[in-house]
Amino acid sequence: MLCTLLQRLIGSGEWVSLCIFLISLILACTVAVKKLDIVKPLLILGMGLAVADSFLLLSYCQIESQNCGFNDKVATIFASIMTMTQMVTLNANYKDIFIHASKSNLFLLLVSIFSILMPVIWGSVLLTLFESFANWFMYQLFRRFVPVYFFSELHERSLELAKSILLRNNKKCLCIFCKVSEDIPSGLKEEAKSLRCLLFKKSETKFIKNPKNAQTFFELSENQDDNLANSLCLIKSYAEKYEDADFSSVRIFLYSEQEEAPVVLNSIDKKGLPASIINRDRFIANDLLFNHPLFNEISEDKKSSVLIVGAGKSGLELLKTSLWCGQLGSDYSLEITVIDKHADSVKKSLQLECPEFFNDEYKISFIQADVTYPEFIEKLDSNMFAPNYICVCLGNDELNIRTAQNLRSYFKRKNIESDEQPFIAAMVRNDSKNGILSENAPNFITFGGNSLVYSYSVIDSNLERLALNVHQVYMNGEKEKRKILKDYYKNEYNIKSDRANALHIRYKLFLLGYDIHPLSENERFKQPSEFSLLEKDIKKLAQVEHERWNAYTRSEGWCRAELSQIAATKNNSSKIPDAKLHACLCSWDELDEVSEYFGIDYKKYDEDFVREIPKILGLSEKDSNITGTRYVLSKREYEHKNSTI
């Protein structure tokens, strides 16, 4: 029965061959369109042609050998297969083949196409193999002489990051994309190749080399569990392979918003390996309030009124950052209002996470309203809002832009006679839409675009350099960069705390009537001769620093530890980490009692830090710091304007 079926199939060889050819052609075109690839469609078409030609050849051999025995027919089948194999390997006797081809126009057409196509297919395969070898050779040749940047995946965001790194390094570096599979669109691959990036199929964990060479790893997969797992694997592999080595030239950046990521990363011994988490929401909140500070929009009665629309992860991060940024002493007031359609449940969750966030010291209110309904405007009317700083961070770009525009119109209608309008910042991730709000309104901006989060600034920004300088101060002026980096990256608490402290320096200088901007390469070094930190300024800023630290620490979920609780632990430490309790979470006046109990002058601790601000900023040649950062001080103009760094 099987033989009969096979005979019939072979007997209708032209129809079967034509169907196979058309199916392979359709499949090849589909793959080419979907995958934007050329090699795989060529292979599919080549295989289809080979099978179609085999059926045709077999059909004609079958006709010629109808009166032959079974063994002769089997031999005919194998001869046909062998002929097609020779055609695939470019080793066929085309004279014999075209004798059969002359009997059928279809066979002649398919054989002709196949004969032309096979050299192209083999050329593509060899080119792919050569490209893999060339990538490996380039990596081995240059990895010892230039910085190497590894990306865990190739996608639009990692490509954006690679472009920024290449631009910052004047292309004197290697960018390597790992785990580049056949499923990745060829358009992305071609763009990466045009930037002279190297593409490999193997994982970034296979590229662990001598840590003396500059190596930076970016774990930026959509799957944040993979990012964490790969980071841990890199740390473990480096620690085992190069025990007690100097890892100051190696950096690992892990993109993650997961709450457990810092806990897991802090729980392992990193052996001094610099590894840190890039939390998108925290990063953009810090960037916004550093480059567009709250004090730029402060009212004449020294009041900051912040309105945050949206209480997702981004909104809550902006709430926390605004709270500790806005601590400017008793002469200034701060109130923060959050509007969200789930405001009540968000507030309850925040009360559990940060128990002292809602004490009488801070003015924070939550209002439940849906911005897409008229109740949003009704809530604004009923609460008599007069904010001077507004952040819109809802679910998507379109909603953020629309809500920001509605708010601008609303507040303009409320104060039609005045040119003074609140500063409005709308979160827009799509870079093609970034900046469209500020074209005709300087106090109406977008922030949080992918080009910021996936840029060189995640490695080396003004804020990051200041944070390293801050950590140097806390290490009593340690000069050796390796030791400072090792301690800075020891745990995520150090990194977050130092960044917060660095960010607030600009706010402290505002209280003295100054602002800062980085010294440009073409700008001659200068410092205002009238600038000096008087003793009264130091004491004033030290108190502000303590209030900022209080707000920051409470935003991290810490509470005040009573001295009786400290005594119960029988441990002469001001904090109980497991319980998130700290004895210094008290007012400036109450700090004297805590200092007396522990025998440490905590007020002097803050005063000493304030004295080091000129060094952190590199305000003079004698004020050198670990990063070589130098800033220029300028007298502030007391007008409402956006002053960015």
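Write down the accessible area per residue of the stretch 159-214 in Å², having rolled a 1.4 Å probe over the full set of protein chains.
Heavy-atom accessible area per residue stands at 52 Å².
Answer rounded, prolate or oblate for the stretch 406-496, using the Cα gyration tensor with square roots of eigenvalues a ≥ b ≥ c: rounded when a/c is under 1.5, else prolate when a/b is larger than b/c, else oblate.
Judged from the Cα gyration tensor, the stretch 406-496 comes out prolate (a/c at least 1.5, a/b above b/c).
Per the 1.4 Å probe, what fraction of the accessible area of the stretch 187-233, in percent, lies on carbon and sulfur atoms?
C and S atoms contribute 47 percent here.
Report the calculated FRET efficiency for Ser451 and Leu563 (r = Cβ-Cβ distance, R0 = 51 Å), to the nearest 0.05.
The formula returns an efficiency of 0.55 here.
Work out the charge dipole of the stretch 141-223 with +1 on the Cβ of Lys and Arg and -1 on the Cβ of Asp and Glu about the Cα centre, then indicate which of Gly187, Ser164, Asn210 is farthest towards its positive end.
In the stretch 141-223, that residue is Asn210.
Grab the beta carbon distance between Lys303 and Gln351, set R0 = 25 Å, and tell me the FRET efficiency rounded to 0.05.
FRET efficiency, Lys303 to Gln351: 0.50.
Residue separation times 0.36 nm, minus the C-alpha to C-alpha distance between Arg611 and Ser333: what's the value?
This chain segment gains 97.5 nm when fully extended.
Give a residue-ordered list of calculated ³J(HN,Hα) values for the stretch 346-354 (Karplus: 6.51 cos²θ - 1.76 cosθ + 1.60, θ = phi - 60°; whole Hz; x for Gly, Pro).
Those phi angles translate into 5, 4, 5, 5, 5, 5, 6, 6, 10 Hz.
Give me log10 I(q)/I(0) at q = 0.26, 0.30 Å⁻¹ for the stretch 467-509, Debye formula, one equal scatterer per alpha-carbon, no solvent.
The calculated log intensity ratios at q = 0.26, 0.30 Å⁻¹ are -0.87, -1.04.
Please work out the Kirkwood hydrodynamic radius for the stretch 310-422, using every pair of different C-alpha atoms, and report it in angstroms with one decimal place.
Here the Kirkwood hydrodynamic radius works out to 15.2 Å.
Under 27 Å between alpha carbons, and skipping anything fewer than 8 positions from Lys241 in its own chain: which lysines qualify?
Of all the lysines, those that pass the test against Lys241 - Cα under 27 Å, at least 8 places apart if same chain - are Lys179, Lys201, Lys202, Lys206, Lys209, Lys212, Lys270, Lys271, Lys481, Lys483, Lys486, Lys490.
What relative contact order, as a whole-number percentage, does the stretch 165-245 give when Cα pairs under 8 Å and 6 or more residues apart are counted?
Dividing the mean separation by the residue count of the stretch 165-245 yields 24 percent.
Calculate the FRET efficiency for Ala386 and Lys172 from the Cβ-Cβ distance with a Förster distance of 56 Å, rounded to the nearest 0.05.
Efficiency, rounded to the nearest 0.05: 0.60.
Just add up the charged neighbours of Lys201: K/R +1, D/E -1, any other residue whose Cβ is under 11 Å from the Cβ of Lys201.
Once all neighbours under 11 Å are counted, the net charge is +2.
If we sort 211-223, 363-375 on the protection proxy, mean other Cβ atoms within 10 Å, highest first, what's the order?
Ranking the peptides 211-223, 363-375 by packing returns 211-223, 363-375.
Taking H as built 1.01 Å from N, whose amide H comes closer than 5 Å to the amide H of Leu334, not counting residues under 5 places away?
Amide H to amide H, under 5 Å and 5 or more residues apart or across chains, Leu334 pairs with Ser304.
Report the full-extension gain for the segment Phe598 to Asp344: residue separation times 0.36 nm, less the Cα-Cα distance, to one decimal in nm.
That pair, Phe598 and Asp344, stretches by 87.4 nm at full extension.
If amide hydrogens are placed 1.01 Å from N in the peptide plane, which non-local residues have theirs closer than 5 Å to the one on Cys559?
Leu581, His582
In whole Hz, with x marking every Gly and Pro, tabulate ³J(HN,Hα) for the stretch 202-211 from phi via Karplus 6.51 cos²θ - 1.76 cosθ + 1.60, θ = phi - 60°.
Couplings: 7, 6, 5, 5, 8, 9, 6, 10, 3, x Hz.
Express in whole angstrom the spacing between the alpha-carbon centres of the stretch 296-361 and the stretch 154-187.
Rounded to whole Å, the Cα centres lie 38 Å apart.
Which whole-number percentage describes the relative contact order of the stretch 301-373, with Cα contacts under 8 Å and a sequence gap of 6 or more?
Reported relative contact order: 35 percent.
Pop a pseudo-label 7 angstrom from the Cα along the beta-carbon direction at both Thr372 and Leu534 and give the gap in nm to one decimal.
Spacing of the two 7 Å Cα→Cβ label points: 5.7 nm.
If the chain between Glu259 and Tyr139 were fully stretched, how many nm would it gain, using 0.36 nm times the residue separation less the Cα-Cα distance?
Contour length minus the Cα-Cα distance gives 39.6 nm.
Quick one: of Lys303/Lys379; Lys508/Lys615; Lys363/Lys603, which pairs are farther than 18 Å apart, Cα to Cα?
Beyond 18 Å between Cα atoms: Lys303/Lys379; Lys363/Lys603.
Can you list the residues of the stretch 191-220 with backbone N under 17 Å from a point 7 Å past the Cα of Ser237, pointing along Cα to Cβ?
Backbone N within reach: 199-220.
Rounded to the nearest angstrom and ordered from largest down, what semi-axes does the equivalent ellipsoid of the stretch 467-596 get from its C-alpha gyration tensor (root of 5λ)?
32, 20, 13
Report, by chain and number, residues whose modeled amide H sits under 5 Å from the one on Ile308, excluding near sequence neighbours (fewer than 5 apart, same chain).
The list, which skips near neighbours in sequence, is Thr337, Val338, Ile339, Cys391.
Take the alpha carbon atoms of the stretch 148-270, find their radius of gyration, then divide it by 2.2 N^0.38 Å using N residues; give the quotient.
1.06
When ranked by the protection proxy of mean other Cβ atoms within 10 Å per residue, highest first, what sequence do the peptides 494-507, 456-469 form?
494-507, 456-469
Within 9 Å, Cβ to Cβ, of Ser152, how many net charges do the neighbouring residues add up to if Lys/Arg are +1 and Asp/Glu are -1?
Surrounding charge for Ser152 is -3.
The values are calculated or read from the model by the stated rules, or taken from the named source; none is laboratory data. The structure presented is a predicted model; accordingly, all values stated were derived computationally and were not measured. Cβ atoms come from the backbone with ideal geometry, glycine included; neighbour counts cover every protein chain shown. With ligands, DNA and RNA removed, areas are computed over all heavy atoms of the protein, side chains included. Shrake-Rupley method; radii C 1.70, N 1.55, O 1.52, S 1.80 Å.
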